[in-house]
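Participant: The structure follows.
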Amino acid sequence: MGRYVIRRLLQFIPTVLGTMFLLHYITSLAIQFSGNPVRALFGDRTPPPALLEAITERLGYGDPCLDQRGNPCFGLFLDRLQNIFFHFDFGINLRQRDVTDLVADALPFTLKLLVIAIVFEAVVGIAAGVLAGLRGGSFTDYLVKISTVFVISVPIFVLGVVVREFVGVKFGNVLRGQEWIPDVISVGVFAPVFKQEYPLASLIIPGMVLGAVSLATTARLTRTSIMENIRADYVRTARAKGLTNKRVIGVHTLRNSLIPVITFLGVDIGAAMAGAVVTETIFNVPGIGRLVTFSARTGESSVVVGVVTMLVLVVLLANLLVDILYAVLDPRIRYE
Amino acid sequence: MSDLTSAGAAIGGAPVAGDGPTTDAPGGSGKERSASLWADARRQLVRDPVFMIAFLYILVVGSMAAFPKLWTSQDPRNCDTARSRIAPSGEHPFGFDILGCDYYSHAIYGARPSMVIAIMATTAIVVFGGVLGLLAGYYGGWVDTIISRVMDIFFSLPFLLGAIVFLTVIKRQNVWTIAMVLFLLAWPTIARIIRGSVISSKDLDYVHAAKAVGARNGRIMFRHILPNAIAPMLVYATIVLGSFVAAEATLTFLGVGLQPPAQSWGIMISTHQVYFLEDPWLLLFPCGLLVGTVLSFILMGDALRDALDPKFR
């Protein structure tokens, strides 16, 4: 296993560099073809040239290679890599605040949201998947099947808006009209948007919306994997020994069936971070995702690029950890 | 207009396309009926009610996109704020939106950008990803190594994040740039699918036979190996059409996609989300159309997969 981990680590470096270069190249191409992004900040007005130049310089868009179409701007890329890996500098926003600061402020909310989402999708998804897998063709099985297709085809922003309006506003208003319901529930959990006073309670529903997208995939994966394993020889042996059904399912079958599910959940952290952009915008959670959307709407491209670079690094690290964990969990994995 | 009419044809052509390669596709299944894989698949699909309903729905949406005049005589830009948010009636089945424009015609005209973006991006990934996957799978060695590494790099950039960065920086958020960013970030999946099926079929006997009689690489690739990869490619392309429609609406909703004077379902949803409680129809109509389209594409893809995979018979 040691050799596998080392190989995986060595592969990690070119992937990180490549992904960051891709991001850099996409940005540079966009600037080369559409002109200085700083102009977008001024909308229809024409900024004074000195001001324009100062901001351009400040945000690092002053490099002459950004005027040459198709130029990959290797010099700029190396500078940015140096800033990121040696100074931990991901750029600044218009008010001269470091992007790292902005992210540090927003991070706790996003982390809580992600934890809620992953826990929700793991618990509900695995439970539904096990129920469906144990009784193929049953009501639960069909329910899981249909809801999977349905959840996949509803874009997360439609789901988010509908849940916010129906559960947060409509149902929430009914609850808020009742005297006997504690405020944590009526104002906190069923709040249509994030509430500062209830930082955890009002994140529960956004977290569930975020988790709902991958919930279906988790359930389906668990179902298939349980169905495969339930016919395996070692499960029959366990039954033949006279073990209780609970033990056969809970220990022998489930343990082996969960390996692909755990891998999926790990990889899903990355997808959930991207999904958080949508969920946080809808529920107005002051996390990293809302930071990205708001900066994108106002045209602060330096913040968007900085934050996304950081997120991509986190996603890559998460994938690396999942791969290593996979090798630990499943002794059959050997890349020689 | 030409790409729009071909748009309709491309959607309508999904199962019909089965006629084309019938002759050179290997007749993999149905020993007793001696029909080709494509003929069998078509027979099964026509009998499948889910597929037919989804297919009809897509035909309807496709005709909205290609010929909006067929569906409505109203102009979605003919607005009058005095009519703001009037409820649906016989003459105006979807009512009026916040600016007093006819909502039904907006919904009809809104089908076009989604469909055009989805079809352009899907065609691009099928051609580009298909060629790269074919090269990587067929030649192997260092060609495969380079293409696979590049695919890994594109894979590790989360789709939504990459699209937001690109669209923010480029500032020109129109049908072309959105289609381009969707293509740019989505081609590796299809390349990987093609590569897999090329690798699995390049050592088959008839490929060796073709080599032995002196067929050139290009002929072997396109006449003998590629037909094997068409089935999985068709399935994935159908599903990806649905996810592109959803992606366009999501990007528009986030404010980095199409911008308000344009008509699109994403704009309809994001403009009217706050009026949901007073006038729910403002949200339900575009959401319903959008979800229906995405769902239909996914169901069609599922049905195609079942029909084209001999193992499921």
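Participant: For the range A:282-294, which residues satisfy the criterion of being surrounded by fewer than 24 Cβ atoms within 10 Å (Cβ to Cβ) and either basic (K, R) or at the interface with another protein chain (Cβ under 10 Å from one of its Cβ atoms) (or both)?
Facilitator: Passing the criteria: A:R290, A:T293, A:F294.
Participant: Now a separate question. Which residue, of A:T224, A:T279, A:T298, is within 14 Å of chain B (Cβ to nearest Cβ) and over 22 Å from A:L313 (Cα atoms)?
Facilitator: Working: A:T224 fails: within 14 Å of chain B (Cβ to nearest Cβ); A:T279 fails: over 22 Å from A:L313 (Cα atoms).
Going through A:T224, A:T279, A:T298 in turn, the sole match is A:T298.
Participant: Related question: Before we move on, is A:T244 of a type in the set (S, T, Y) and either out of contact with any helix residue (DSSP H, G or I) (no Cβ under 7 Å at 6 or more places or on another chain) or at the interface with chain B (Cβ under 9 Å from one of its Cβ atoms) (or both)?
Facilitator: yes
Participant: Next up: Going by the structure shown, is B:A237 within 30 Å of B:V169 (Cβ to Cβ), within 17 Å of the chain's Cα centre (by Cα) and at the interface with chain A (Cβ under 10 Å from one of its Cβ atoms)?
Facilitator: no
Participant: Which of the residues that make up the range A:256-272 are buried (at least 24 other Cβ atoms within 10 Å of the Cβ) and more than 16 Å from A:R220 (Cα to Cα)?
Facilitator: Within the range A:256-272, A:A272 is the sole residue that qualifies.
Participant: Condition first: in contact (Cβ under 8 Å) with a residue 12 or more places away in the chain and over 14 Å from A:R290 (Cβ atoms). Now tell me which residues in the range A:100-113 satisfy that.
Facilitator: A:T100
Participant: Which of (1) under 21 Å from A:I152 (Cβ atoms); (2) modelled with pLDDT of 85 or more; (3) hydrophobic (A, V, I, L, M, F, W, C) does A:L131 not meet, given it meets every other one?
Facilitator: Going through (1) under 21 Å from A:I152 (Cβ atoms); (2) modelled with pLDDT of 85 or more; (3) hydrophobic (A, V, I, L, M, F, W, C) one by one, A:L131 breaks only (2).
Participant: Let me ask you something else. Assess whether B:L161 counts as being without any contact (Cβ under 8 Å) to a residue 12 or more places away in the chain, part of a helix (DSSP H, G or I) and of a type in the set (A, V, I, L, M).
Facilitator: Yes; evaluated as a whole, the condition is true for this residue.
Participant: Same structure, new question: Between a first residue in the range A:125-153 that is free of Cβ contacts under 8 Å to residues at least 60 places away in the same chain and away from every other protein chain (no Cβ under 14 Å) and a second residue that is of a type in the set (V, I, T) and surrounded by 17 or more Cβ atoms within 10 Å (Cβ to Cβ), which pairs have beta carbons less than 6 Å apart while being 6 or more apart in sequence or on different chains?
Facilitator: Note: pairs meeting the criteria are A:L131/A:T140.
Participant: Among A:V124, A:V158, A:V130, which is surrounded by fewer than 20 Cβ atoms within 10 Å (Cβ to Cβ), part of a helix (DSSP H, G or I) and of a type in the set (A, V, I, L, M, F, W, C)?
Facilitator: Only one candidate passes the filter, namely A:V124.
Participant: I'm told A:V277 meets every condition in (1) at pLDDT below 85; (2) closer than 25 Å to A:G18 by Cβ; (3) assigned to a helix (DSSP H, G or I) except one. Can you identify the failing condition by its number?
Facilitator: The single condition A:V277 does not satisfy is (1).
Participant: Restricting to the range B:181-194, count the residues that are surrounded by fewer than 24 Cβ atoms within 10 Å (Cβ to Cβ) and either facing another protein chain (nearest Cβ under 10 Å) or at pLDDT below 85 (or both).
Facilitator: Qualifying residue count, the range B:181-194: 1.
Participant: With the requirement that a residue be crowded, with 16+ Cβ neighbours inside 10 Å, within 14 Å of another protein chain (Cβ to nearest Cβ), more than 22 Å from the chain's Cα centre (by Cα) and aliphatic (A, V, I, L, M), what does the range B:124-177 give you?
Facilitator: Passing the criteria: B:I147, B:V150, B:I153, B:V165, B:V169, B:I170.
Participant: I've got another one for you. Considering only the range B:206-222, I want to know if a residue exists there that is surrounded by fewer than 20 Cβ atoms within 10 Å (Cβ to Cβ), on the phi > 0 side of the Ramachandran plot and in a loop (DSSP other than H, G, I, E, B).
Facilitator: yes
Participant: Further question on the same structure: Could you please find all residues in the range A:244-278 being touching a Gly at 6+ places or on another chain (Cβ under 8 Å), under 28 Å from A:F294 (Cα atoms), among the β-branched types (V, I, T) and touching a residue at least 60 places away in the same chain (Cβ under 8 Å)?
Facilitator: A:V278
Participant: Yes or no: B:S84 at pLDDT 85 or above and among the polar types (S, T, N, Q)? Show your work before the answer.
Facilitator: Values: at pLDDT 85 or above: no; among the polar types (S, T, N, Q): yes.
Considered against the rule, which asks whether it is at pLDDT 85 or above and among the polar types (S, T, N, Q), B:S84 comes out as no.
Participant: Another question, then. Among A:V261, A:V251, A:V267, which is the only one that is within 14 Å of chain B (Cβ to nearest Cβ), out of contact with any Cys (no Cβ under 9 Å at 6 or more places or on another chain), among the aliphatic types (A, V, I, L, M) and assigned to a helix (DSSP H, G or I)?
Facilitator: A:V267
Participant: Sticking with this structure for a sec: Which residues, taken from the range B:263-313, are closer than 24 Å to B:I108 by Cβ, assigned to a helix (DSSP H, G or I) and touching an Asp or Glu at 6+ places or on another chain (Cβ under 8 Å)?
Facilitator: The answer is B:G266, B:M268, B:T271, B:H272, B:Q273, B:L282, B:L283.
Here is a yes/no grid of residues against (1) modelled with pLDDT of 80 or more; (2) surrounded by 22 or more Cβ atoms within 10 Å (Cβ to Cβ):
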position: B:G255; (1), (2): yes, no
position: B:L258; (1), (2): yes, yes
position: B:S264; (1), (2): yes, yes
position: B:L295; (1), (2): yes, no
position: B:M300; (1), (2): yes, yes
position: B:L304; (1), (2): yes, yes
position: B:K311; (1), (2): no, no
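Participant: What residue, among those in the range A:1-60 that are part of a loop (DSSP other than H, G, I, E, B), of a type outside the set (A, V, I, L, M, F, W, C) and more than 14 Å from chain B (Cβ to nearest Cβ), is surrounded by the most Cβ atoms within 10 Å (Cβ to Cβ)? Steps first, please.
Facilitator: Step one: of the range A:1-60, the residues part of a loop (DSSP other than H, G, I, E, B) are A:1, A:35-36, A:43-48, A:59-60.
Next cut, of a type outside the set (A, V, I, L, M, F, W, C) only: A:35-36, A:43-48, A:60.
Narrowing further to those that are more than 14 Å from chain B (Cβ to nearest Cβ): A:45-48.
Numbers: A:R45: 8, A:T46: 8, A:P47: 15, A:P48: 10.
For the range A:1-60, the residue satisfying everything is A:P47.
The values are calculated or read from the model by the stated rules, or taken from the named source; none is laboratory data. These figures come from a predicted structure and were not determined experimentally. No Cβ is skipped: glycine too gets one built from the backbone with ideal geometry, and neighbour counts run over all protein chains shown.
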